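Single-structure report; data block below.
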Amino acid sequence: MENNNNNQPVLSLQEQTKIRMEKLDKLKEKNIKPFGERFDVKDKIVDIRKTYGDKTKEELEENVAFATLAGRIITKRDMGKIAFCNLQDRDGNMQIYIRKDVIGEEAYSVFKLSDIGDIIGITGEIMKTNTGELTIKVTKYTHLTKALRPLPEKYHGLVNVEERYRKRYLDLITNEQSRNVAISRTRIIRTMQNYFDSLGFIEVETPCLTGMVTGAAARPFVTHHNALDRDYYLRIATELNLKRLLVGGLERVYEIGRIFRNEGMDTKHSPEFTTIELYQAYGDLRSMMELTETCFKLIAKNVFNGQEEFEWNNQTINIANKFKVVSMVDLVKEVTGIDFNQITSFEEAKQLALDKGLTVPAHFIGVGHILNLFFEEYCEDKLIQPTFLIRHPIEISPLTKVCDDDSRYVDRFELYIAGCEFANAYSELNDPIDQKARFVEQLKEKSLGNDEAGDIDNDFIEALEYGMPPAGGIGMGIDRMVMFFTGQSSVRDVILFPLMKD
């Protein structure tokens, strides 16, 4: 046992837990269930504040109102026969005022056995103190759950970042920002669903287990199915199954789902993440631009009260302005002075990269590979305001229609904000002959060492042979969208239970 700055004894975790266990036993002696039972919550703190926050002390005394709510004790000041606590529910916290002569001696003795962290239910009169603080004067007190461990120190919460992610439940209790991020994430997703539903899209589900690696350039996780005695992969994308649904006539579909890619982990990448993929029959790349820009602006309007500017990665981003559109070739030319439209030889393009000191992997076999290499090295971090990057090289876009005016490029965009990719969209390739040829090119890259290249999905080619309508499609990373809108610098701050190293 140590002493704090006020010369009061500071109990160890073991000593505090022992005392809480003793209180648990005393609750049992009073025939109080330490871990409670059903309690009918009628009010939420956020609604109480909204309804009564502007009322004066005199108005509340003249028009008496009561509330019944439940939550966790966050602070406690016990002054003998009266006490003040702060009660926290999902959306806020509020002071409660407890008097022995109001709730009765027996109920007050139960309250005396409470600790910070305990969950309680109360009914009480809504009032304001002499200092104007909105408060519930408790008339009925109900013990609900005994917390056997003390919470982290109130003013600091979980300081260790790793511990915040590993013990998210404690982070949510002690960190209001973490709760707000979690709630905002749900509201962002709901806004997207409502918007797409209003346009006639239907939400679907497709399998997480797949027999081959298709739909994106990524390394998969491998698992084994015991009953079938064969290996399967966790999906790296939902794309091809959703396109099969277009063939089947569903016309407008989307899926919000978990994606798994066996790759590195950093502040912007998690091996397990969430995307929304959406496909619109009879649409194209322009349709996807309209959907994407409107979606971002609706989130800003509906979830963040019409906010137009957001601070993210030390940049001020304006959502209200029209999103820019720029081609990859034009951007590379603007930054480096090299016009890849004029380069037709891979050897010439490769030499330009080597002259710049860039590494050219063995599976790079086309001019487009080098163009994309230049973009990633010299241009990507310069796209700060929302920008649609269009006209990607065909070599890196095996599922996309070629541009009508130049078969070296495809009808594709990536949305960049603050140097980060947020969305990837195509005018979808629906020609089964061309699609098979693209898959074959991917196999060539795989044989040259590209472990992210996909397999040939013969069933998908067969599906295209039955006829898929012209379509636009898009994939958006939901985790990164939540990071942007809530101002978080790490993807782990927007995933409730991120994967962690042991």
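All of the numbers you see were taken from the coordinates with simple rules; none came from a lab. Here the structure is a predicted model, which means the values were calculated and not measured. We place every Cβ from the backbone using ideal geometry, glycine too, and count neighbours over all the protein chains shown.
In the range 338-465, the alpha-carbon atoms span a convex hull of 119 Å³ per residue.
What does the extension gain come out to for Asp431 and Arg219, with contour length at 0.36 nm per residue minus their alpha carbon separation? Spell out each step's value before the answer.
On the way: separation 212, 0.36 × 212 = 76.32 nm, distance 2.61 nm.
Going from the current span to full extension adds 73.7 nm.
By its C-alpha gyration tensor, with a ≥ b ≥ c as the square roots of the eigenvalues, how is the range 36-85 shaped: rounded for a/c under 1.5, else prolate for a/b larger than b/c, else oblate? Oblate, because a/c is 1.5 or more while a/b does not exceed b/c.
Taking a cut-off of 24 Å, what percent of all Cα-Cα pairs in the range 2-151 are separated by more than that? Spell out each step's value before the answer.
Details: 3833 of 11175 pairs.
Here the long-distance tail beyond 24 Å is 34 percent of all Cα pairs in the range 2-151.
Which of rounded, prolate or oblate describes the range 166-211 when judged by the alpha-carbon gyration tensor and an a/c cut-off of 1.5? Oblate, because a/c is 1.5 or more while a/b does not exceed b/c.
At 1.002 mPa s and 20 °C, plugging the Kirkwood radius over alpha-carbon pairs of the range 332-374 into Stokes-Einstein gives what diffusion coefficient in µm²/s? Could the numbers behind the result be given before it?
Values: Rh = 10.3 Å.
The calculation lands on 208 µm²/s.
The angle separating the long axis of helix 285-302 from the principal Cα axis of greatest extent in the chain is about 10 degrees. Reported to the nearest whole Å, the Cα centre-to-centre distance from the range 85-157 to the range 172-191 is 24.
Which ³J(HN,Hα) values, rounded to whole Hz and listed in residue order, are derived for the range 412-423 from phi using the Karplus coefficients 6.51, -1.76 and 1.60 in 6.51 cos²θ - 1.76 cosθ + 1.60 with θ = phi - 60°, glycine and proline given as x? Calculated HN-Hα couplings, in order: 9, 9, 10, 8, 10, 9, 6, x, 10, 7, 10, 8 Hz. Rounded to the nearest 10 degrees, the angle from helix 432-447 to the longest Cα principal axis of the chain is 80 degrees. Working note: Cα gyration tensor of the range 211-251, eigenvalues times five, square-rooted, sorted largest first, giving semi-axes of 24, 14, 6 Å.
Peptides 202-208, 136-142: what's the order by average Cβ count within 10 Å, highest mean first? If you can, show how the numbers build up before the last one.
Values: 202-208: 13.7, 136-142: 19.6.
Most protected by this proxy first, the peptides run 136-142, 202-208.
Under 5 Å between amide hydrogens, built in the peptide plane, is the criterion, and for Leu383 it picks out Gly419 among residues at least 5 positions away or on other chains.
Per DSSP H run of at least 4 residues, take -39500 (n - 2.57); add these up for the chain, divide by its residues and hand me the 222 nm value, nearest 500 deg cm²/dmol. Spell out each step's value before the answer.
Values: 16 runs with 166 residues, N = 502.
Result for the chain, helices only: -10000 deg cm²/dmol.
With only Cα atoms counted, the range 49-125 has Rg and Dmax values of 13.1, 35 Å.
Here the range 107-198 is treated as a Stokes sphere of Kirkwood radius computed over C-alpha pairs; at 10 °C and 1.306 mPa s its diffusion coefficient rounds to 96 µm²/s.
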